[in-house]
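K.L.:
Okay, handing you the structure first.
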2 protein chains.
Amino acid sequence: MCVDAERRAIVLLSGGLDSTTTLAWARHESYACYALSIDYGQRHAVELAAARQAAAAWGAVQHQIVPLDMRWVGGSALTDRAIEVPVHSSKGIPVTYVPARNTIFLALALGWAEALDAHDIFIGANAVDYSGYPDCRPAFLEAFAAMANLATKAGVEGRPFRIRAPLIAMSKAEIIQTGLRLGVDYAGTISCYSPDAQGYPCGHCDSCRLRAKGFADAGLADPALSFDRADGGNK
Amino acid sequence: MCVDAERRAIVLLSGGLDSTTTLAWARHESYACYALSIDYGQRHAVELAAARQAAAAWGAVQHQIVPLDMRWVGGSALTDRAIEVPVHSSKGIPVTYVPARNTIFLALALGWAEALDAHDIFIGANAVDYSGYPDCRPAFLEAFAAMANLATKAGVEGRPFRIRAPLIAMSKAEIIQTGLRLGVDYAGTISCYSPDAQGYPCGHCDSCRLRAKGFADAGLADPALSFDRADGGNK
């Protein structure tokens with residue numbers, strides 16, 4: 001297997017603002033990027049179309065979309081239609097938390113990384129705005145890396161894995177500024193937890209509000225909202 | 001949610017000798033068992049039928065079979081038909097190793113555990129006979145538990161998860177003796193990496209040979225081999 005010619009990385013890519021910025025970051029670090037998206041029965045399947053677009057735009061070597069229905073797990077507003085996506089922030093861990101989601105996604109990325117002889121796994125986790133999610137914290141990512149290096153042939157043989165989360169300590173405004181500097185077109189990214197049937201953001205969920213605040217704090221307009229709609233724009 | 005009435009556990013159940021014994025163990029510890037099988041494109045899909053039979057026999061509250069095609073990962077004789085299952089043991093980590101398999105399976109179990117408010121996850125990992133697999137070692141399982149308790153809402157809120165591997169230090173003969181004492185019917189379990197189209201074991205792969213040695217060391221006949229076949233028995 002020819003592995004010296006390129007430095008490979010797996011990039012978890014949802015098609016949202018954070019993961020698209022992370023892909024751009026990995027490409028700017030000259031990684032040959034293998035993008036991994038999980039089709040897990042999320043409400044916002046329109047994300048996958050955005051992920052495809054981002055993978056193509058950033059020259060991913062391969063973009064793997066893995067079907068993994070997580071509706072049987074239950075317990076989250078993102079996978080269980082019986083639980084409403086809230087329109088206002090709540091204290092503590094939000095109901096949009098999907099049990100062990102980042103653990104599952106990173107585990108799949110780890111399997112692919114080992115098979116490809118890639119040793120860097122990029123994830124758009126962010127501990128500032130999303131501090132309610134336990135699996136977006138540096139301590140979790142460090143524990144995952146420690147576990148990964150005991151779990152795998154590569155880890156045991158001295159070729160350790162690194163979990164890279166370049167956005168972990170940035171505010172949403174800093175992420176947007178970073179992405180724009182790298183050349184990300186945010187018009188193509190989608191962040192909403194409950195977009196309408198056409199894929200337009202609701203404007204009210206946690207994710208929409210964080211994104212809006214990020215663009216406002218950066219003193220910028222969100223290009224994803226500057227489109228023409230037959231019905232006159234966002235609700 | 002009523003959780004006081006029962007002590008719940010997730011049991012990873014392949015339908016093989018080890019995981020069936022583990023399910024029996026968890027039932028003998030009076031856990032309400034939620035059995036989890038992963039249909040991952042393995043060569044030995046006949047395992048899933050054995051898993052169904054074991055889940056029913058041991059009164060699992062629920063048996064969830066999750067389709068997760070892992071053939072795209074590649075890199076293993078168990079998921080990639082281009083790689084032959086070896087008929088003789090090799091030194092080091094065998095080609096039947098599936099990259100990050102136990103990490104992925106435990107991650108799915110963790111998600112389900114959190115949604116069900118279960119805090120014990122049972123896995124039939126064994127470090128003695130399968131010492132070639134890095135993700136069957138106690139150090140890996142401990143690192144997974146540490147990571148799980150940082151990854152999850154339950155872990156963060158002080159309701160930690162335990163990864164239980166009751167067979168981890170047993171020889172295959174000890175596992176068989178333990179299972180028989182618990183009442184396991186090994187006629188229904190399948191361990192072969194490459195059974196024939198009817199589900200009969202090959203008798204030659206690592207897994208068949210370990211199983212045969214286990215029964216021989218225990219001074220017992222393998223009941224899975226004492227069936228009538230039109231062609232006169234195992235090849």
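The values are calculated or read from the model by the stated rules, or taken from the named source; none is laboratory data. Treat the numbers as computed from the prediction; the structure is a model and nothing was measured. Here the Cβ positions follow ideal geometry from the backbone for every residue, glycine too, while neighbour counts run over all protein chains shown.
K.L.:
Would you point out the residue of the stretch B:128-162, among those that are within 10 Å of chain A (Cβ to nearest Cβ) and of a type in the set (Val, Ile, Thr), that is surrounded by the most Cβ atoms within 10 Å (Cβ to Cβ)?
P.N.:
Looking at the filtered set, the residue picked out is B:Thr152.
K.L.:
Which of the residues spanning the stretch A:104-135 are in a helix (DSSP H, G or I) and either of a type in the set (Asp, Glu) or in contact with a Pro (Cβ under 7 Å, 6 or more places away or on another chain) (or both)? Steps first, please.
P.N.:
Taking the stretch A:104-135 first, the residues in a helix (DSSP H, G or I) are A:104-116, A:134-135.
Correct list: A:Gly111, A:Glu114, A:Ala115, A:Asp135.
K.L.:
Any idea how many residues of the stretch A:129-144 are closer than 24 Å to B:Gly158 by Cβ and touching a Leu at 6+ places or on another chain (Cβ under 9 Å)?
P.N.:
Going through the stretch A:129-144, the residues closer than 24 Å to B:Gly158 by Cβ turn out to be A:130-144.
Next, from what is left, pick out any that are touching a Leu at 6+ places or on another chain (Cβ under 9 Å): A:130, A:134-135, A:137, A:139-144.
Count: 10.
K.L.:
Quick test for you: out of A:Ser194, A:Ser207, pick the one residue that is crowded, with 18+ Cβ neighbours inside 10 Å, polar (S, T, N, Q) and touching a Lys or Arg at 6+ places or on another chain (Cβ under 6 Å). Working first, answer last.
P.N.:
Numbers: A:Ser207 fails: touching a Lys or Arg at 6+ places or on another chain (Cβ under 6 Å).
That would be A:Ser194, the only listed residue that is crowded, with 18+ Cβ neighbours inside 10 Å, polar (S, T, N, Q) and touching a Lys or Arg at 6+ places or on another chain (Cβ under 6 Å).
K.L.:
While we're on this one: Do any helices (runs of 4 or more DSSP H) lying entirely in the stretch B:136-231 carry at least 1 residues that are under 30 Å from B:Asp117 (Cα atoms), at pLDDT 90 or above and within 18 Å of the chain's Cα centre (by Cα), and which ones are they?
P.N.:
Numbers: elements: B:138-151, B:153-156, B:172-182, B:206-217.
By residue number, B:138-151, B:172-182.
K.L.:
Can I ask one more? Could you tell me which residue of the stretch A:43-78 is modelled with the highest pLDDT, considering only residues that are within 21 Å of A:Thr103 (Cα to Cα) and away from chain B (no Cβ under 14 Å)? Write out each step before concluding.
P.N.:
Looking only at the stretch A:43-78, we keep the residues that are within 21 Å of A:Thr103 (Cα to Cα), and these are A:43-45, A:47-48, A:51, A:63-78.
Retained after the next criterion (residues that are away from chain B (no Cβ under 14 Å)): A:43-45, A:47-48, A:51.
Numbers: A:Arg43: 59, A:His44: 61, A:Ala45: 70, A:Glu47: 83, A:Leu48: 88, A:Ala51: 95.
Per the stated criteria, the residue is A:Ala51.
K.L.:
Here's another thing I want to ask about it. For the stretch B:163-173, does any single residue satisfy the condition of being of a type in the set (D, E, K, R), more than 14 Å from chain A (Cβ to nearest Cβ), surrounded by fewer than 16 Cβ atoms within 10 Å (Cβ to Cβ) and touching a strand residue (DSSP E or B) at 6+ places or on another chain (Cβ under 7 Å)? Show your work before the answer.
P.N.:
To start, the set of residues in the stretch B:163-173 that are of a type in the set (D, E, K, R) comprises B:164, B:172.
Filter once more, so that each one left must be more than 14 Å from chain A (Cβ to nearest Cβ): B:164, B:172.
When the remaining residues are screened for being surrounded by fewer than 16 Cβ atoms within 10 Å (Cβ to Cβ), the result is none.
Within the stretch B:163-173 (the criterion being of a type in the set (D, E, K, R), more than 14 Å from chain A (Cβ to nearest Cβ), surrounded by fewer than 16 Cβ atoms within 10 Å (Cβ to Cβ) and touching a strand residue (DSSP E or B) at 6+ places or on another chain (Cβ under 7 Å)), the answer is no, since none of the residues qualifies.
K.L.:
Could you grab the pairs with beta carbons closer than 6 Å, sequence gap of 6+ or different chains, first residue in the stretch B:97-119 and more than 7 Å from chain A (Cβ to nearest Cβ) and touching a residue at least 60 places away in the same chain (Cβ under 8 Å), second one part of a helix (DSSP H, G or I) and crowded, with 24+ Cβ neighbours inside 10 Å?
P.N.:
Once the first residue is more than 7 Å from chain A (Cβ to nearest Cβ) and touching a residue at least 60 places away in the same chain (Cβ under 8 Å) and sits in the stretch B:97-119, its partners that are part of a helix (DSSP H, G or I) and crowded, with 24+ Cβ neighbours inside 10 Å give B:Leu106/B:Phe144.
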